[in-house]
């Protein structure tokens, strides 16, 4: 059972794992002092990463100096990934970190609910049923009670269901309900063991001409309950405008392709009052709310001291403010208001840390450790001010080892030492808390109330430096980190993780058999400690034969690997199972895989999941062999096609020539290739000529915004935003005698069973008569959409356009998706 204290994640000196510690300049310290003197807060609410209005978040954080947070109901797991192949939970990890990176830029904080982004939804009624409305509503109430915002701002309009993504409207519906419930003692009483009811002052909708269908309709709208204000503020101490900061923040959403160019000058924002009293002061959401230190009992004296600190701040020597800051810190510890005491204690500690030039760090000798192990942690402490600072002790958590140096930290005289860090055998592995338990299609399972809403798992390996500043005890928590010197990048930080002693990793996630012939597989066993010995066996379902039954391994060095080979023989007939590896070490069985996600723009992410390999026996036939694959935004389609026996060559646009394409039976374009590969506009004629000469070209889905070509196909073809989000939606065969439904695999309605997340997206809305539509499908209550798969003869070959989401079906080894794609490649052969 975790024993965790709910900690509000503040921008200040919060550590993002594998992030170097922030080191504030004098201007940054001054900006934080101004925030210290403002006791008001704003909560912005929407559905996904990238929904947030970064201009408003930055404006309230940096211009108004308010505590500002974004509550994203989901982690964006159901979206697409423009930078790599990760989908679902792994994409949610990436997008969580992108949101945290955005908040480090614009100064906001970040929260979530347990809602799982299950994919596009067309109606809030569907969304709230799949999500479990009451559970998500309770999470919104929980965040309001913890964060205690004076003002809540919705990104979307709760009054317009069906006009946008169902998740969007649902976020607004839940916010409106939570606004009233958060202040009631009778609502979600189980939360009151940790928080008190809290009633925000005002609720707004962040409206704009877009929601009215254009500038003309917006100009004519009743604005009697509107606030409007310019967010284009210029900050001389930052050298940037608010809108430039906002664009940098938004550009952190790289997996969604939301790079944004900064702007300067006037930028109006509009807020429509939904609940609460209308501010009498133009453009001030805090009108009538005391945002000074007078807001809290005992705060008047603190406010006077900190006003002097702000007015007398010496940019050349911030340490001159330390005596007053320490005095204010002591007074804050006496506050009766527990909320503001907690918030302002963390804020002023970070300011004291920066003003004194303190640097405290705990560096492990390697990046990971296993339960029951020990390693050395190097400690560093330095004071770069004349303040009388004494390092009393250092404590390591989770085992609470203590060192008591009792040393005075003289100005610019460093102290360093080391401690033995012993990890208890019961220590929990480092992994995202919301993925530890099995969830549902719409919800993550998080049983610990105190964890709900947090963006990351709280630090479970840290060093606490206990200091005295002019006799006042102040403690600073620092994560245990791992760092090294890279010959190119210099000082480089990596995660320090608690991991299982053995990491079991298959080369693939799925292994497909289209005959009864056995296949040899390899499993990589990686040791996370020295002198690791054990036995490995593989467990599969009935009918699957695994040889040998078990094999032993012995790995001397931590980080060393051994590849073990097994032979797998499938059963007759179509079948699937999970192959589970079990490593037995000293009588204990381990079956974990450590997934590593590495991108330059976010800290490295590690996810510990049950190790397994999906085995699928397909009844599938195919024609043709050699495929050229032009990668788009990222998918595993090439690897999936290799699984069923095709030879796939990934080719870059510069390698596309009339001669080079002749050897291929088909050319396949990855998802959104015509959105993200600009060079394709120079190769379109060559690709079309390849088709004309007898080739097969298969183009997977693109969005209708940001196309790099004027003509997607040799014939007229226009994309729409049509999609079928119900993965179980009925599929009708419009051309039952067409080769793609009959050769070499005879397709039936059963081939559309077991699909995941959706049928497809961004279907063409209109097309030339040369195209033959193959399928008709639609979501409930909608007119049929016939553009999911279009096939046209062009010259001697075939041009095929499809919005069917093969990129989601292949990783899940959906049999019908493979059989259909094999027919597409086989056409005309």
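Quick look at the values:
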quantity: For segment 752-829: relative contact order, % (alpha-carbon pairs under 8 angstrom, 6 or more apart); calculated: 30
quantity: Size of segment 40-291 as Cα extents on the principal axes (Å, biggest first); calculated: 46, 43, 38
quantity: Sorted peptide list for 587-593, 95-101, 793-799, criterion being average Cβ within 10 angstrom, highest first; calculated: 95-101, 793-799, 587-593
quantity: Ratio Rg/Rh [Cα only; Rh per Kirkwood] for segment 579-723; calculated: 1.09
quantity: Pairwise FRET efficiency - residue 384 versus residue 301, Cβ, R0 = 25 Å, nearest 0.05; calculated: 0.30
quantity: Among beta bridges that DSSP assigns inside the chain, antiparallel share in %, nearest 5; calculated: 75
quantity: Where labels lie 7 Å past Cα in the beta-carbon direction, separation of residue 735 and residue 519 in nm; calculated: 3.1
quantity: Quarter of Cα convex hull surface for segment 647-712, i.e. mean projection, nm²; calculated: 4.2
quantity: Largest-first ellipsoid semi-axes for segment 502-617, taking √(5λ) over the Cα gyration tensor eigenvalues, angstrom; calculated: 26, 19, 11
quantity: Tail weight of P(r) past 24 Å, computed on alpha-carbon pairs of segment 626-826, percent; calculated: 34
quantity: Spread of Cα-to-Cα distances over 5 Å intervals beginning at zero, given as percent, for segment 198-263; calculated: 3, 13, 14, 15, 18, 19, 14, 4
quantity: Shape box of segment 343-451 [Cα atoms, principal axes, largest first, Å]; calculated: 57, 36, 19
quantity: Relative pair counts by distance (%), Cα atoms of segment 448-488, 5 Å bins; calculated: 6, 15, 14, 14, 16, 15, 12, 6, 2
quantity: Order by protection proxy (mean Cβ within 10 Å, highest first), peptides 279-286, 40-47, 410-417; calculated: 40-47, 279-286, 410-417
quantity: Contact order relative to length of segment 502-617, as percent, for alpha carbon pairs under 8 angstrom and 6 or more apart; calculated: 34
quantity: Convex hull of Cα atoms in segment 774-829, direction-averaged projection (nm²); calculated: 4.6
quantity: Nearest-ten-degree value, helix 299-311 long axis tilted from longest Cα axis of the chain; calculated: 80
quantity: Ascending count of other beta-carbon atoms within 10 Å, so fewest first, for 529, 114, 104; calculated: 104, 529, 114
quantity: Folded to 0 to 90 degrees: helix 133-147 orientation relative to the chain principal axis, Cα; calculated: 30
quantity: Segment 716-777 versus segment 49-107: alpha-carbon centroid distance in Å; calculated: 34
quantity: Equivalent ellipsoid semi-axes, segment 254-327, via Cα gyration tensor eigenvalues times 5, rooted, Å; calculated: 34, 25, 13
quantity: Globularity index of the chain, i.e. its alpha-carbon radius of gyration over 2.2 N^0.38 Å; calculated: 1.04
quantity: Neighbour-count ranking [beta-carbon atoms within 10 angstrom, fewest first] of 665, 635, 290; calculated: 290, 665, 635
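We did not get these values from a lab; they are worked out from the coordinates using the rules stated. These figures come from a predicted structure and were not determined experimentally. Cβ coordinates were reconstructed from backbone atoms using ideal geometry, including for glycine residues, and neighbour counts include every protein chain displayed.
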